[in-house]
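Here's the structure we're looking at; comments come further down.
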Amino acid sequence: MKDLKEKVSEISSYLERLMEPDTFREVIDAVEKSDKDLLIETCRKVNVPDVYTGSIVSLILTLSRQIKYPINF
């Protein structure tokens, strides 16, 4: 069984994949629309395992609500 440190490390690597130029625009679109389904679809494109998809989607949508400035990319 994986310990917490391993799980956090894996989630971090999947978040980095979502920041890559070919997927980041989709993530931003999903966040702007609060579209959980689009975000899940994007996670699948970068091969995020289902076991982590819910956590990542929840994290991204929660953090996006806290951002008070425009995102420039």
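Assorted remarks:
- Solvent-free Debye scattering, log10 I(q)/I(0), computed from the Cα coordinates of the stretch 4-66 at q = 0.20, 0.22, 0.29 Å⁻¹: -0.70, -0.85, -1.40
- The count of lysine pairs in the stretch 4-66 with alpha-carbon distances below 23 Å, taking only pairs 8 or more places apart or on different chains, stands at 4.
- Rounded FRET efficiency, nearest 0.05, which uses the C-beta distance separating Asp22 from Leu59 and R0 of 25 Å: 0.75
- Taking other Cβ atoms within 10 Å as a rough exposure proxy, Val8, Val48, Val57 sort from fewest to most as Val8, Val57, Val48.
- For the chain, the Cβ-based charge dipole about the Cα centre amounts to some 240 debye (Lys, Arg positive; Asp, Glu negative; other atoms uncharged).
- Between 0 and 90°, nearest 10: helix 4-18 axis offset from the chain longest Cα axis: 40 degrees
- The longest stretch of the chain left intact once loop-based trypsin sites (Lys or Arg not before Pro) with at most 11 other Cβ atoms within 10 Å are removed from consideration, loops following DSSP, is 3-67.
- Estimated FRET transfer efficiency (Asp35, Ser12; beta-carbon r; R0 22 Å; 0.05): 0.40
Read-outs: derived from the displayed coordinates by stated rules, not from any lab. For clarity, every value in this text was computed on a predicted model and none was experimentally measured. For neighbour counting, all protein chains shown are included, and Cβ atoms are generated from backbone atoms with ideal geometry for every residue, glycine included.
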